[in-house]
1. What distance in nm lies between label points placed 7 Å from Cα along the C-beta direction at Leu190 and Glu254?
2. Find out how many positive minus negative residues lie around Leu257, taking Lys and Arg as positive, Asp and Glu as negative, among other residues whose Cβ is under 13 Å from that of Leu257.
3. Where does the charge balance sit around Asp245 when Lys and Arg score +1, Asp and Glu -1, over other residues with C-beta under 14 Å from its C-beta?
4. Taking θ = phi - 60°, what integer Hz values does the Karplus form 6.51 cos²θ - 1.76 cosθ + 1.60 yield along the stretch 34-50, in sequence order, with x for Gly and Pro?
5. Mind listing the Cα extents of the stretch 230-342 along all three principal axes, in Å, largest one first?
6. Ranking request for peptides 165-178, 322-335: highest mean number of other beta-carbon atoms within 10 Å first, then the rest in descending order.
7. Skipping prolines and chain starts, which residues have an amide H placed within reach, meaning under 5 Å, of the one on Arg103, given they are 5 or more residues away or on another chain?
8. Rounded to the nearest 0.05, what FRET efficiency do Asp166 and Ser270 give with R0 = 51 Å and r taken as the Cβ-Cβ distance? Could you check?
Amino acid sequence: MKEWYKGSLSFKRDGKPIPVTFVKVDGVDGIDAASRAELIFHRTCEVGADVVLRPRKDLFIKQKYFPKLPDHIEIRRKGVSCVCYDRFEPLKDWADKLKLPLRTPDDRLQDFWRTSIGDLIRGVRSIHAKGFFHGGLHKQSSFVFFHDKLKVINVEGSLADLSPSDQVEKKKKDLMQLRMMLDVLLERFLGSEYSWEECSSFLKFFDQAVCLDYADCVEKLASHPFVLSSEERMGMFARYHRTWDKVATNKAVEKALRSSDFDRFKSWNSTEVLGSMDNFIKKSYDSHYGNYSGEVVDLLSFLRNLNNHYHQLKAFSVNVVDVDRGVQKLFPGFLELLYRHLEKL
């Protein structure tokens with residue numbers, strides 16, 4: 001059976017019908033469907049986060065007719081318990097129509113999805129801050145589009161009666177279930193053989209993040225380069241360069257950059273790479289030519305200088321998106337590696 005039904009809701013006999021979607025609720029674990037629908041309604045309302053779609057009411061629909069079901073099936077005779085929301089479009093249907101590509105032709109995350117994924121991570125944190133957990137974020141049916149915004153529905157779990165350790169476990173499980181949903185969504189958009197280094201780095205980072213304290217875990221996920229703007233991404237090179245420049249962290253940064261993970265960025269300024277640089281990037285390189293070796297730490301210095309040239313010297317007639325695009329083309333995955341190795345310093 002379907003999990004949701006389109007319909008309308010009227011609060012007066014002659015009132016104007018409001019377009020809504022009824023989300024069917026089943027009974028589970030000894031809780032009947034009507035009680036569960038009421039529970040979901042109240043807890044979802046209590047969250048009050050922007051990323052959570054506020055329901056209108058819970059109700060039992062007696063008149064719903066299911067002609068394809070046998071007469072003896074109870075649901076045909078009695079109806080269904082539902083949570084009623086303003087009319088939305090399920091994520092699955094929206095994704096099936098591929099209304100908005102996930103990545104740009106030059107292999108970057110579309111701004112809509114970048115913002116939406118970041119908002120979802122912060123939204124899950126808001127659910128937890130209100131004393132709840134979701135428990136079903138691995139299901140695409142938990143996500144809908146309302147006014148072209150990606151929203152979460154049907155918050156059900158409570159943290160109130162759990163021990164501190166169990167609370168943390170439930171919170172981190174929500175985050176890992178969100179990762180599962182994103183992985184499935186990416187495969188649907190891009191195909192089972194999709195290869196996208198920046199995206200893979202982001203999904204793998206969930207495994208690293210869940211080993212941290214919960215607060216750090218959420219913050220690191222929401223600040224991952226994959227979900228940042230071009231302005232924010234380029235600014236990270238300056239921040240990591242400052243980390244390298246500090247006496248307290250210099251040795252740790254240099255040790256990380258010497259690890260085998262960065263081997264492919266050694267000799268980063270080869271003749272081939274220099275010949276592939278866009279004009280505005282090459283101009284920045286040439287202005288500091290004598291200062292760069294092929295060491296990875298000098299690549300970090302170069303990208304810091306490139307960011308400074310754009311923002312401070314106004315050296316190029318390009319926007320920051322072009323700068324970020326050029327860096328990703330030349331050094332794919334470099335910023336993500338820096339994030340994985342240096343963010344903890």
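1. The two pseudo-label positions are separated by 3.6 nm.
2. That works out to +1.
3. Cβ neighbours under 14 Å give a net charge of +3.
4. Going residue by residue, I get 5, 5, 5, 4, 5, 4, 4, 4, 5, 6, 5, 5, 5, 4, x, 8, 4 Hz, with x marking Gly and Pro.
5. Between the extreme Cα coordinates on each principal axis of the stretch 230-342 lie 37, 28, 25 Å.
6. Descending mean neighbour count gives 322-335, 165-178.
7. Those lying under 5 Å, H to H, from Arg103 are Gln110.
8. It comes to 0.45.
We did not get these values from a lab; they are worked out from the coordinates using the rules stated. The structure displayed is predicted, hence computed values, not measured ones. FYI the Cβ positions are ideal-geometry reconstructions off the backbone, even for glycines, and counts take in every protein chain you see.
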